[in-house]
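Asker: Take this structure, written in structure tokens, and hold onto it; I'll ask about it next.
The values are calculated or read from the model by the stated rules, or taken from the named source; none is laboratory data. These figures come from a predicted structure and were not determined experimentally. Virtual Cβ from ideal backbone geometry, glycine too; neighbours counted across all protein chains shown. The area values use the complete protein model at the heavy-atom level, side chains included, leaving out ligands, DNA and RNA. Shrake-Rupley method; radii C 1.70, N 1.55, O 1.52, S 1.80 Å.
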Amino acid sequence: MEQKKIEKQLSLPLKNAIQMSFRNMRVRFGRAIIITMSILLGIAFLMSVLTGNAFTMSLIHKGPEEIKVLLMADILEVKTRQVWLVSLSLLVCTVGIVNAMLMSVTERSREIGTMKCLGALDKFIVELFLLESLAHGIVGSIAGCLIGILTMTVVYLIQYGGLIIKIFPLGVILKYMLLSILLGTFLAVIGALYPAYVSSKMEPAEAIRREV
Amino acid sequence: MPKEAIVRTIGVKKSFMLGKVPLHVLKGIDLEILKGEYISIMGPSGSGKTTLFNMIGGLDKPSEGKVYIDEVDIAQLDAYELAWLRCRKIGYIFQTFNLIPVMSALENVMLPMIFGGLSTDDAREKAKALLETVGLGHRVNHKPFELSGGQQQRVAIARALANDPAIILADEPTGNLDLKTGKEIINLLREMNKEKGVSIITATHDLKMLDVSDRVIWIRDGMIERVEDRENITIKVGEVEGEEAG
């Protein structure tokens, strides 16, 4: 029997993919909020620590002599502890994302199966999940950064008063913010990789029959 | 000229592992379905109906034997080619409708065309026309949950027809519908079958289906029990439930 060749293309244009994942987030808003919150909290913590550090350094460089001495004393000890705390919180936040995304995959298994029956390739499904997570990551990181900076500014304002405004380390904080947003987005996407892979490997017939 | 076969199965066997015991669901099925035929696969639950159905639909591969869809051996296809086959050659209709809940009727019908590479504008035009054909021209922008079961199934039929497939596979298409709506859906399928010349294969135990089928394939215990042609079916409708041996 001569085999006919299959050569046509299958595609999911980025515009449509973005539209679809955006729609998904709007409809399943609760889950989107949970995932975004997970990133938001992790990044808010990271950013508050970074902002605190920026203030401290700024105070050491530009502040009055008595504060300088006070701060210099425990700066090293605090730093190691901070690294641990921040790493741990980011780890927890990533695990939270993996968990929430896995649930989202189970919840949507019939939908995924249907799409596969309609001709979706594995990579379309992965793409949809990653796009969603990317959006969660960006929104959560930006919100987390703002919250972190705001909280720390208030805390330092209470502690040191108007001096903080004078020595506000804008450049450093902006740099930290950029890093945090990148890190948060990266973690969100990393957290979604495994769930997206699981979903793309579902057999369509099975995925459709699975009752949730 | 003899009609071309769109689906052929040769000695198809399928077994699943049930724990450590192999369960032989299909025990050698030889089948030939012609272009433009309307086939009903009937059988009690557990007869292997659904498994056979998945096989024909390229959703599952046989343990033994061959399945040819449009002269292509599906066992030889890689994931990409299978997806392409599902996209362009086969339309699926499910008992539970399975529309994408977050998309409107129109977008649901557009989806397979987008996958198939059609531009959004072309897809929209064609989807509108298809929804018109199935009698839902006035509800294109409704979400699935805003539609009744019968209407959802009509959307599903429009979606199945989106890429002008050669085969439509309908798994218990009337299973979740009341009698009257079920009949409407069956008639619509028959209409599409006549109009577009698409082969329709349904797995069902809805006896209403017998009326419109060209052939009925009875499955029992993973084997084809008998195949009935249309001429013989009408006579049997009355006695079909009591009749055992055929």
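Asker: What residues of segment A:110-127 lose no less than 40 Å² of accessible area with every protein chain in place versus their chain by itself (probe 1.4 Å, heavy atoms only)?
Answerer: Residues shielded by partner chains are A:Arg110, A:Glu111, A:Thr114, A:Cys117, A:Leu118, A:Leu121.
Asker: Between A:Ser87 and A:Ile60, what is the label-point separation in nm under the 7 Å Cα-to-beta-carbon projection?
Answerer: Between A:Ile60 and A:Ser87, the simple spin-label model gives 2.1 nm.
Asker: Further question on the same structure: Work from the charge dipole of chain A (Cβ charges, +1 for Lys and Arg, -1 for Asp and Glu, about the Cα centre) and give the residue of A:Pro169, A:Ser11, A:Thr36 farthest towards its positive end.
Answerer: A:Ser11
Asker: Leaving out ligands and nucleic acids, note down the accessible area per residue over segment B:103-246 with a 1.4 angstrom probe, in whole Å². Please report the intermediate quantities before stating the final value.
Answerer: Working: 6120 Å² over 144 residues.
The answer is 42 Å² per residue.
Asker: Could I ask something else about it? Cα axis of helix B:105-115 to longest principal axis of chain B: angle in degrees, 0 to 90, nearest 10?
Answerer: 70 degrees
Asker: Direction-averaged shadow area of the convex hull around the Cα atoms of the protein assembly as shown, nm²?
Answerer: Numbers: hull surface 114.2 nm².
Over all viewing directions, the protein assembly as shown projects a mean Cα-hull area of 28.5 nm².
Asker: Sort out for me the Cα centre separation of segment A:139-197 from segment B:68-90, rounded to whole Å.
Answerer: Measuring centre to centre over Cα atoms gives 50 Å.
Asker: When the helices in chain B are scored as -39500 (n - 2.57) per DSSP H run of 4 or longer and the sum is shared across all residues, what 222 nm value do you end up with, to the nearest 500 deg cm²/dmol? Write down the numbers at each step before the final one.
Answerer: On the way: 7 runs with 80 residues, N = 246.
Dividing the helical sum by the residues of chain B leaves -10000 deg cm²/dmol.
Asker: For chain A, what is the calculated [θ] at 222 nm in deg cm²/dmol (nearest 500), taking -39500 (n - 2.57) for each run of four or more DSSP H residues and dividing by its residue count?
Answerer: Numbers: 8 runs with 180 residues, N = 212.
Rounded to the nearest 500, it is -29500 deg cm²/dmol.
Asker: Considering only the other residues whose Cβ falls under 15 Å of the Cβ of A:Phe129, what net charge follows from Lys and Arg at +1 and Asp and Glu at -1? Mind showing how you got there, number by number?
Answerer: Details: positive: A:Arg23, A:Arg28, A:Arg31, A:Arg108, A:Lys116, A:Lys123, A:Lys201; negative: A:Glu107, A:Glu111, A:Asp122, A:Glu127, A:Glu132.
In short, +2.
Asker: When the dipole is taken about the Cα centre of segment B:58-102, and only Lys, Arg (+1) and Asp, Glu (-1) are charged at their Cβ, what size is it in debye, to the nearest 20? Don't skip to the answer; put the middle values down first.
Answerer: On the way: 5 positive and 7 negative charges, 43 e Å.
Around 200 debye, computed over segment B:58-102.
Asker: Still on this structure, please answer the following. Given the pairs A:Lys201/B:Lys126; A:Lys123/B:Lys3; A:Lys123/B:Lys208; B:Lys49/B:Lys208; B:Lys66/B:Lys143; B:Lys3/B:Lys27, which span a C-alpha to C-alpha distance of over 29 angstrom in this model?
Answerer: Over 29 Å apart, Cα to Cα: A:Lys201/B:Lys126; A:Lys123/B:Lys3; A:Lys123/B:Lys208; B:Lys66/B:Lys143.
Asker: While we're looking at this one, here's another question. Filter the trypsin sites (Lys or Arg not before Pro) in segment B:1-92 down to the DSSP loop ones having no more than 16 other Cβ atoms within 10 Å, then list what survives.
Answerer: The qualifying sites are B:Lys3, B:Lys20, B:Lys35.
Asker: Filter the trypsin sites (Lys or Arg not before Pro) in segment A:143-201 down to the DSSP loop ones having no more than 16 other Cβ atoms within 10 Å, then list what survives.
Answerer: Values: sites: A:Lys166, A:Lys175, A:Lys201; in loops: A:Lys201.
Here the sparse-neighbourhood loop sites are A:Lys201.
Asker: Counting alpha carbon pairs within less than 8 Å and at least 6 residues apart, what relative contact order, in whole percent, applies to segment B:19-125?
Answerer: Values: 50 pairs, mean separation 15.7, N = 107.
Over segment B:19-125, the number comes to 15 percent.
Asker: For the pairing of chain B with chain A, what total accessible surface becomes buried, with a 1.4 angstrom probe, in square angstrom to the nearest 100? Numbers along the way, then the final one.
Answerer: Details: alone 11870 and 12960 Å², together 21560 Å².
Chains B and A together bury approximately 3300 Å².
Asker: Taking a cut-off of 32 Å, what percent of all Cα-Cα pairs in segment A:14-209 are separated by more than that? Don't skip to the end; give the middle numbers.
Answerer: On the way: 5895 of 19110 pairs.
Taking all Cα-Cα pairs of segment A:14-209, the fraction more than 32 Å apart is 31 percent.
Asker: Okay, moving on. Could you look at chain A and say what percent of its accessible area is carbon and sulfur, using a 1.4 Å probe and all protein chains?
Answerer: Working: 8090 of 11280 Å².
The nonpolar share, carbon plus sulfur, comes to 72 percent.
Asker: Ignoring everything but the protein chains, give the 1.4 Å probe accessible area of B:Thr50 in square angstrom, nearest 10.
Answerer: 50 Å²
Asker: In whole percent, what relative contact order does segment A:14-209 give with Cα contacts below 8 Å and a gap of six or more residues? All intermediate terms of the calculation are to be shown ahead of the outcome.
Answerer: Details: 227 pairs, mean separation 80.4, N = 196.
Relative contact order here is 41 percent.
Asker: What helices does chain A hold that run 18 Å or longer along their axis, going by alpha-carbon atoms, with a Kyte-Doolittle average of -1.0 or more, using DSSP H for the helix calls?
Answerer: Working: long enough: A:14-27 (20 Å, -0.24); A:29-62 (46 Å, 1.44); A:65-107 (59 Å, 1.09); A:122-160 (56 Å, 1.43); A:170-200 (44 Å, 1.71).
Helix filter hits for chain A: A:14-27, A:29-62, A:65-107, A:122-160, A:170-200.
Asker: If you add up the charges near B:Gln151, with Lys and Arg at +1 and Asp and Glu at -1, over every other residue whose beta carbon is less than 12 angstrom from its beta carbon, what do you get? Numbers along the way, then the final one.
Answerer: Working: positive: B:Arg139, B:Lys143, B:Arg154; negative: B:Glu146, B:Glu184.
Counting the neighbours of B:Gln151, the net charge comes to +1.
Asker: For chain A, with a Gaussian network of springs between Cα atoms less than 10 Å apart, report the residue from A:Arg26, A:Arg110, A:Arg81 with the top mean-square fluctuation.
Answerer: Result: A:Arg81 has the largest fluctuation of those listed.
Asker: Let me ask something additional. Can you grab the distance from the C-alpha centre of segment B:178-195 to the C-alpha centre of segment A:43-77, Å, no decimals?
Answerer: So the two Cα centres are separated by 75 Å.
Asker: Determine the shielding of peptide B:54-64 by partner chains: average, over its residues, the number of Cβ atoms on other chains within 10 angstrom of each Cβ.
Answerer: Values: counts 6, 1, 0, 3, 3, 9, 4, 0, 0, 0, 0.
Other-chain Cβ atoms within 10 Å of each residue's Cβ, averaged: 2.
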